[in-house]
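See below for the structure under consideration.
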Amino acid sequence: MKLFFFSCIAWLFQVNCFAQDGIVVISNTRTSALLFPFPIRHIDMGSKDILVQPIQSTDSILLIKAAKADFDRTNLTVITSDGELYSLDVVYDADPAQKVYPFKKGNKRTVRAYAEGLLDNTRTMRGVRARNQDIRMRLYGLYVQDETMYYQLQLSNEGPIDYRFETIQFTTRAVRTGKRTAVQEIVLTPKYVAGNDQVIKAGQSIMLVFALERMTLRRDQYLSVTTEELQGGRHLRMRVRSHKLLQAIPIH
């Protein structure tokens with residue numbers, strides 16, 4: 001392991017770029033190394049086709065190798081101690097040209113990387129939910145970074161029949177205060193959706209993260225989150241009140 005560590009340092013002086021376009025190329029016969037500016041705190045692999053191992057003598061270098069040849073394209077997510085999230089696509093090549101990937105502090109993360117990284121976050125938001133029979137929707141977490149807000153949704157199917165839906169729609173609405181109140185509805189278009197599932201198996205749950213434009217609402221407005229069952233009647237509508245939007249957790 002020490003011999004490999006010194007080899008990594010030597011390679012570092014020869015390679016001055018990080019993974020272009022967030023892509024890491026690996027082989028099943030050669031070990032590659034990812035060098036991060038801060039200690040690694042969390043690793044998530046998209047499949048069992050890749051093998052990773054932190055170096056014991058330093059907690060900021062991650063060794064990576066393919067478990068088999070010609071595996072399907074997959075992904076790797078790494079979070080470091082400074083809160084940076086690195087979302088990488090991993091592809092196979094029998095003889096990769098680059099074997100060391102140094103990541104510099106401040107590498108720009110994309111909306112996609114933030115959304116994908118929030119999929120497995122623990123619950124941080126309570127009191128915002130909807131239920132129709134045995135189908136349940138919850139706002140599991142709400143985050144904000146620059147001009148983007150990330151809505152982490154959990155959908156659960158507690159019944160014996162699979163739940164299929166086409167899309168989840170976000171719409172701003174006004175609270176009705178009288179018969180003459182004009183209700184202006186604005187449908188919001190997500191920048192990105194992480195966890196692109198459209199079927200909830202019986203007895204299971206799924207997690208989705210929607211990245212939308214940052215916003216606030218007046219007190220007489222709310223955000224409506226709706227989904228309709230395909231060829232069914234278990235439709236859901238969840239209200240996110242204006243004060244809940246102000247509870248979004250900043251991502252630094």
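In table form, for the structure just shown:
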quantity: Considering residues of the stretch 197-217 that are in contact (Cβ under 8 Å) with a residue 40 or more places away in the chain and either in a loop (DSSP other than H, G, I, E, B) or among the aromatic types (F, W, Y) (or both) only, the residue surrounded by the most Cβ atoms within 10 Å (Cβ to Cβ); calculated: F210
quantity: Scope the stretch 131-164; condition part of a strand (DSSP E or B) and under 18 Å from V111 (Cβ atoms); matching residues; calculated: G141, L142, Y143, V144, Q145, T148, M149, Y150, Y151, Q152, L153
quantity: Test for D70: is it exposed (fewer than 14 other Cβ atoms within 10 Å of the Cβ), more than 30 Å from L212 (Cβ to Cβ) and in contact with a Phe, Trp or Tyr (Cβ under 6 Å, 6 or more places away or on another chain); calculated: yes
quantity: Strands (runs of 3 or more DSSP E) (entirely within the stretch 1-49) containing at least 3 residues that are modelled with pLDDT of 90 or more and either under 19 Å from F71 (Cα atoms) or not assigned by TED's automatic domain parsing to the domain that holds F103 (or both); calculated: 23-26
quantity: Number of the exception - D89 against (1) touching a helix residue (DSSP H, G or I) at 6+ places or on another chain (Cβ under 7 Å); (2) among the charged types (D, E, K, R); (3) free of Cβ contacts under 8 Å to residues at least 40 places away in the same chain; calculated: (3)
quantity: When residues of the stretch 58-77 are limited to those that are touching a residue at least 40 places away in the same chain (Cβ under 8 Å) and among the polar types (S, T, N, Q), the one nearest to R30 (Cα to Cα); calculated: N75
quantity: Check on D89, within 20 Å of the chain's Cα centre (by Cα) and in a loop (DSSP other than H, G, I, E, B); calculated: no
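The values are calculated or read from the model by the stated rules, or taken from the named source; none is laboratory data. Every value quoted in this text rests on a predicted model; they were computed, and no experiment measured them. Quick reminder, even Gly has a Cβ in these numbers, built from the backbone with ideal geometry, and neighbours come from all protein chains shown.
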